[in-house]
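Report on the following structure.
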Amino acid sequence: MKKILATLSFAAAVLSACTDKDASAPADILLSDLRASVEEGKILFGQQDAYMYGHSWRAVQGDRLDRSDVRDVCGKNPAVLGLDLGGIELSGPENLDGNPFAMMRQAAIEHYSRGGIVTFSWHPRNPLTGGDSWDVSSDKVVTSVLEGGERHGVFMQWLSACADYLDTFRDADGKRIPLIFRPWHEHTGSWFWWGRDLCTEEEYLALWKLTYGYMTQERGLDNLVWAYSPGAGVDAEGYMERYPGDGIVDILGLDCYQYGEVPASNAVYSEQLKETLSFMEKLGEEHGKTIALTETGLEGLPYAGWWTEVLYPAIKDCPLAYVLVWRNASDIPGHFYAPWPGQESEDDFRKFAAVGNIGFIE
């Protein structure tokens, strides 16, 4: 406990210096743009790894990274591009899904130059066991990376590698481009080593604050917009149980997927989503935060009308900044969350994309 309290004390000192933000910083400009978009009634559409690969193709080095299954279907680009940092901590050339880090940077910068928004999740390896993010064989992992823990030094090297990479995302004038950074997500479940049953509330908060303090204060990354994204299946109290604090969170997010047979699961998903977004809207108002559906989708899209009959009715009345569906894997049959030419929901997706308040970019 002393180690945790020492880390929290250190983090508090760091954060007191971090909360006085420069309104002209890239992160604050993006937040202002998102708020303006919400006020206009827009919900931006996004997809994970959209330009890196699709259902039956994969980009290669040298390509202009502007193709996506989304564009192939509706003729427009997703407004939000999701990418993942998993593997950056190992200093290898590719992330956990085989995306070269250099190509991810290229895709992000090209997307930003077209007027798009970029968001990063991070699925780091398990620093204690050597397993992946889903290795939950020990409940001592978070403790081990905090100040005084046996893996603290290694973890700080991981944060350094992550910061080094994020600092390379710059426009043609050499200025950092804004990035939504979404670490330690879905912590309300217990399928990641930082999940609810794998660490205490104090440990989780210390992990978040250590990450924030290092990235912002020590490394000066003023381009990061910080997103907090619990998983679905919690009430308002559970959602906020491990909330890091208004000074170090910019976006209240939610990861909510549809599971089960369709059409029976359609109503279950839709009602859960509407209920959760309803209390998130109130929390956003109370805490002065933008809200977003940071991950969602129905794997394989077996229901042809999913976009206009299930997803859109659940989100249309909520002031969401964006909704991001997961990836279309080229190497795993059936693992896709957006339609591709010939997929049974493509016609319905075009209708969804044509709705006036759903935002794409050209």
Practice task
For residue 297, list long-range residues whose amide hydrogen, built 1.01 Å from N in the peptide plane, is under 5 Å from its own amide hydrogen.
Solution key: 258
Handout entry: Lys, Arg +1 and Asp, Glu -1 on Cβ, resulting dipole of the chain about Cα centre, debye, nearest 20
Key = 620 debye
Practice task
Report, in deg cm²/dmol and to the nearest 500, the calculated mean residue ellipticity at 222 nm for the chain, where each DSSP H run with n ≥ 4 adds -39500 (n - 2.57) and the sum is divided by the residue count.
Solution key: -10500 deg cm²/dmol
Problem - Label-point separation, residue 275 to residue 235 (7 Å along Cα→Cβ), nm - result: 1.0 nm
Problem - Derived scalar couplings ³J(HN,Hα) [region 73-85; Karplus, 6.51 cos²θ - 1.76 cosθ + 1.60; whole Hz; x for Gly, Pro] - result: 8, 10, x, 10, 8, x, 6, 10, 10, x, 9, 10, 8
Handout entry: Rounded to whole Hz, the Karplus (6.51, -1.76, 1.60) HN-Hα couplings of region 46-59, x for glycine and proline
Key = x, 9, 6, 6, 3, 8, 7, 6, x, 4, 9, 8, 9, 5
Handout entry: Around residue 231: net Lys/Arg minus Asp/Glu count, Cβ-Cβ under 10 Å
Key = -2
Handout entry: Protection-proxy order for peptides 173-183, 316-326, each taking the mean of Cβ atoms within 10 Å per residue, highest first
Key = 316-326, 173-183
Problem - Count, lysine Cα pairs under 23 Å in the chain, 8 or more residues apart or across chains - result: 24
Completion exercise
Residues whose modelled amide H sits under 5 Å from the amide H of residue 358, counting only those 5 or more places away in sequence or on another chain, are 43
Completion exercise
In whole Hz, the Karplus estimates of ³J(HN,Hα) for region 139-156 (6.51, -1.76, 1.60; θ = phi - 60°; x where Gly or Pro) are 9, 10, 5, 4, 4, 5, 9, 6, 4, x, x, 5, 10, 4, x, 4, 5, 5
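Rule-based calculations on the coordinates, nothing more; no lab input. The shown structure was predicted, so the numbers you read here are calculated from the model rather than taken from an experiment. Here the Cβ is made from the backbone with ideal geometry for all residues, glycine too, and neighbour counts use every protein chain on show.
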